[in-house]
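Here the structure comes first, spelled out in structure tokens, and everything after it is commentary.
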Amino acid sequence: MSHVVANRKKLLARVNRLIGQMNALKGDIETAEHDEDCARILQQIASIRGAIGGLGMLFVEDHLRDHVARGKTVGERVGAAEELLTALKSFGA
């Protein structure tokens with residue numbers, strides 16, 4: 001079973017939390033009236049960024065465990081490692 005399928009409930013819970021954070025951020029931007037609101041909005045952005053990073057790391061960890069470490073052949077493990085490296089480059093790690 002794929003790690004995405006096995007962890008679907010946990011992953012979707014994180015995504016739903018992120019959606020909630022993004023909706024709260026949108027609302028705060030729409031209703032901001034004072035300069036003091038800027039610091040609070042920046043804090044929300046930092047929290048969202050951290051949550052997205054945490055979600056990404058879950059995928060990295062699971063990919064390493066399920067595809068790189070448990071590949072049946074050297075070729076499968078090397079291929080999985082290359083996929084991960086490509087993803088990490090675009091992820092900004």
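The values are calculated or read from the model by the stated rules, or taken from the named source; none is laboratory data. In this text the structure is predicted, and so the values were computed from the model without any measurement. Using ideal geometry, Cβ is built from the backbone for each residue, glycine included, and neighbour counts are taken over all protein chains shown.
Key figures
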item: Matching option when the condition is over 30 Å from residue 68 (Cα atoms), surrounded by 13 or more Cβ atoms within 10 Å (Cβ to Cβ), at pLDDT 90 or above and among the polar types (S, T, N, Q), among 21, 43; result: 21
item: Residue match in segment 11-33 (condition: under 23 Å from residue 91 (Cα atoms), touching a residue at least 12 places away in the same chain (Cβ under 8 Å), in a helix (DSSP H, G or I) and basic (Lys, Arg)); result: yes
item: Test: residue in segment 50-61 that is among the charged types (D, E, K, R), surrounded by 11 or more Cβ atoms within 10 Å (Cβ to Cβ) and touching a residue at least 12 places away in the same chain (Cβ under 8 Å); result: no
item: Output for segment 27-38, where each listed residue is loosely packed, with under 10 Cβ neighbours inside 10 Å and at pLDDT below 90; result: 33, 34, 35, 36
item: Condition broken by residue 10, with the remaining ones in (1) out of contact with any Leu (no Cβ under 9 Å at 6 or more places or on another chain); (2) surrounded by fewer than 12 Cβ atoms within 10 Å (Cβ to Cβ) satisfied; result: (1)
item: Test: residue in segment 72-79 that is in contact with a Gly (Cβ under 9 Å, 6 or more places away or on another chain), surrounded by 15 or more Cβ atoms within 10 Å (Cβ to Cβ) and within 18 Å of residue 6 (Cβ to Cβ); result: no
